[in-house]
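See structure below.
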Amino acid sequence: MFKINENYLKLPGSYLFSNIAKKVAAHTEANPDKSIIRLGIGDVTQPLAPAIIEALHGAVDEMAHAETFHGYAPDLGYEFLRSAMAKNDYEARGCDIKPEEIFISDGAKGDSGNIQEIFAQDNKIAVCDPVYPVYVDTNVMAGRTGTYDPEKEVWSDVIYMPCTAENDFVPELPKEVPDLIYLCFPNNPTGSAITKDQLQVWVDYANKNGSVIIYDAAYEAYISEENVPHTIFECEGARTCAIELRSFSKNAGFTGVRLGATVIPKDLKCNGVMLHSLWARRHGTKYNGAPYIVQKAGLAVYSEEGKAQLKDQIAYYMRNAKTIYDGLKAAGYTVYGGVNSPYVWMKTPDAMTSWDFFDYLLENAGVVGTPGSGFGPSGEGYFRLTAFGTYENTAKAVERIKSL
Ligand code: MLT
C-alpha cells in the first residue's frame, strides 16, 4: 500500500481564509436577505489599470501571429521584465540587484511556500507571531516542524517571535538562533512597518549567525513614511543573507492575473554553494514560467502611465485604510497599522476573543474581517480589516461598526 505524506495530517483544519469563506457562506445561507461587506481576505477590488489592460490586449494580439507568438517563457522569466524590476525596484533605490538575480513567478504565495524546499529538513525556522499562515503551514508539510499544541496553538521546533502593541509589532531578536527567518514588512497581518535601522539589525544578526532571511515585500507599494525600507536590499550586507519575495498582487491588482518574483543574490552562499543555483535548478525543473501576456502586463506596471495610474490606485486603497483607522478610533477602538499598509489591526473590544468578535461583527454588522488568532497565538484579541474593498463598502462597513 502506498503511503501519504503524513505531515499533512498534522495540519489543523483548513487554510484560514477557506475557514472564513465557509463561515460566511453558512451565514449567507441562513440569512439570505442580509448584506455582507467583505473586508476579510486581502483581495483587491479595483479593475486593472488602463496601461495594464492595453499591454494585455497587445500581448494577446501578438500571440495570434506566428511572427510574434511566444511559447515557453525563459526559465528565469523574460529579460524585459527582470530588467525593468532591477532598474525600478532596486537600482532606483541604490540597491545592487542584477536582472539575472530575479526569478519571475506566478506570485509570492507559491514562492513563499516553495522556497523552503531548497533548505535542509533540520533547519529551524523563526516566524513572527502573528504571521501569514503560508510560511508555517508549508514547513509543516515539509516535515520541518514538530507537533502542534492545540491549546497554545503553536508548533514545537518553531521559533515564534511575538509582535504585539508592546514592541510596536516589530519582533525582538530570538534567543535561540534560527536558520531561516521569515519577515514580512509592511506586515501582514498587523499593518506595521519596520524602519531601515531596525531591519539593518536583522541583517547584521543573520550575517553574524549564518541565518537566511526570507523577506516578503508584497506590501512595499503602500509605504508612505520616509524611513521605511522598500526592500531589504537597502540594508548593508543583505546580499549575503537575504532572499526577497515580490508580488504584483497588491501594488498592481494582479491577484487574479498572477505574477511575482523571488530575488536571490549570487552572494548568498552555504559552504560555497549559491542558493541562486538551487532555486534556478528547481525553477527549471518544476516550473514553466508565468505566461508571456502576464509578463507583458507586468512590464506595463513600470511604464510612466502605469506608474501614475497605480499611484492613484494605491491612494484609493489608502483612503480606505484611513477611513477604517479614523472611523474605528473615533468610535473608541484601539487601532494600529493602515499608514504604510492596507491592513488595519484593531484590538477586539471587551476582551472578546478574535473569533467571538468575528461572529459578533458578522451577525450584527454584516462585516467580515479576519480574526487575529488565525495568524498565531499573539494575534488573539486582535482583528484585521483590509482596505482593499470599494470606498463605498468600506465607509458603510465603518458606519455599521460605529453604530453597534
Ligand atoms: C491575506 O488576506 O492575508 C492575503 O490575501 C494573503 C495573500 O496574499 O495570499
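A single entry from Val154, Val127, Val140 fulfils the requirement of being within 16 Å of the ligand (Cβ to nearest atom) and touching a residue at least 60 places away in the same chain (Cβ under 8 Å): Val127.
Filtered by the rule that a residue be among the acidic types (Asp, Glu) and under 22 Å from the mean Cα position of the chain (by Cα), region 288-319 gives a lone residue, Asp312. Ile97 meets the stated requirement of being away from the ligand (no atom under 16 Å from the Cβ), β-branched (Val, Ile, Thr), in a loop (DSSP other than H, G, I, E, B) and at pLDDT 95 or above. Select from region 229-238 the residues that are closer than 19 Å to Ala261 by Cα and in a loop (DSSP other than H, G, I, E, B) and write down the one among them that is farthest from the ligand (Cβ to nearest atom). Looking at residues that are closer than 19 Å to Ala261 by Cα and in a loop (DSSP other than H, G, I, E, B), I get Pro229. It is to be established whether one or more residues within region 171-179 are touching a Phe, Trp or Tyr at 6+ places or on another chain (Cβ under 8 Å) and crowded, with 22+ Cβ neighbours inside 10 Å. No, every residue in region 171-179 fails to be touching a Phe, Trp or Tyr at 6+ places or on another chain (Cβ under 8 Å) and crowded, with 22+ Cβ neighbours inside 10 Å. For residues that are crowded, with 21+ Cβ neighbours inside 10 Å and of a type in the set (S, T, N, Q), scanning just region 359-378, find the one that is nearest to the ligand (Cβ to nearest atom). Of everything passing the filter in region 359-378, Thr370 is nearest to the ligand (Cβ to nearest atom). Selection of region 245-300 for residues being within 16 Å of the ligand (Cβ to nearest atom) and of a type outside the set (A, V, I, L, M, F, W, C) yields Arg246, Ser247, Ser249, Lys250, Asn251, Gly253, Thr255, Gly256, Arg258, Gly260, Thr262.
Can you list residue pairs whose Cβ atoms sit under 6 Å apart, with the first residue in region 325-340 being free of Cβ contacts under 8 Å to residues at least 40 places away in the same chain and the second being surrounded by 19 or more Cβ atoms within 10 Å (Cβ to Cβ) and small (Gly, Ala, Ser)? Count only pairs 6 or more apart in sequence or on different chains. As it stands, the answer is Tyr325/Gly338, since those pairs meet every condition given. Consider region 195-237 and keep the residues that are polar (S, T, N, Q) and closer than 17 Å to Leu173 by Cα. The one that is surrounded by the fewest Cβ atoms within 10 Å (Cβ to Cβ) is Asn209. Taken over region 21-73, the criterion of being within 16 Å of Gly369 (Cα to Cα) and away from the ligand (no atom under 16 Å from the Cβ) is satisfied by Ala25, Ala26, His27, Thr28, Ser35, Ile36.
Out of the residues in region 1-20 meeting the condition of being within 16 Å of the ligand (Cβ to nearest atom) and surrounded by fewer than 12 Cβ atoms within 10 Å (Cβ to Cβ), tell me which one is farthest from Ala365 (Cα to Cα). So, considering only residues that are within 16 Å of the ligand (Cβ to nearest atom) and surrounded by fewer than 12 Cβ atoms within 10 Å (Cβ to Cβ), the one farthest from Ala365 (Cα to Cα) is Ser14.
Could we say that Ala66 is among the small types (Gly, Ala, Ser), more than 29 Å from Glu380 (Cα to Cα) and out of contact with any helix residue (DSSP H, G or I) (no Cβ under 9 Å at 6 or more places or on another chain) here? Talk me through it step by step, then tell me what you get.
Values: among the small types (Gly, Ala, Ser): yes; more than 29 Å from Glu380 (Cα to Cα): yes; out of contact with any helix residue (DSSP H, G or I) (no Cβ under 9 Å at 6 or more places or on another chain): yes.
Against the criterion (among the small types (Gly, Ala, Ser), more than 29 Å from Glu380 (Cα to Cα) and out of contact with any helix residue (DSSP H, G or I) (no Cβ under 9 Å at 6 or more places or on another chain)), Ala66 qualifies.
Does any residue of region 66-81 turn out to be free of Cβ contacts under 8 Å to residues at least 60 places away in the same chain and in a helix (DSSP H, G or I)? For region 66-81, residues free of Cβ contacts under 8 Å to residues at least 60 places away in the same chain and in a helix (DSSP H, G or I): present.
Residues in region 132-152: is at least one β-branched (Val, Ile, Thr) and more than 19 Å from the chain's Cα centre (by Cα)? Checked against the condition, which is being β-branched (Val, Ile, Thr) and more than 19 Å from the chain's Cα centre (by Cα), region 132-152 yields at least one hit.
The values are calculated or read from the model by the stated rules, or taken from the named source; none is laboratory data. What you see is a predicted model, and the numbers here were worked out from it, not measured in a lab. Positions of Cβ are backbone-derived with ideal geometry, glycine not excepted, and every protein chain shown enters the neighbour counts.
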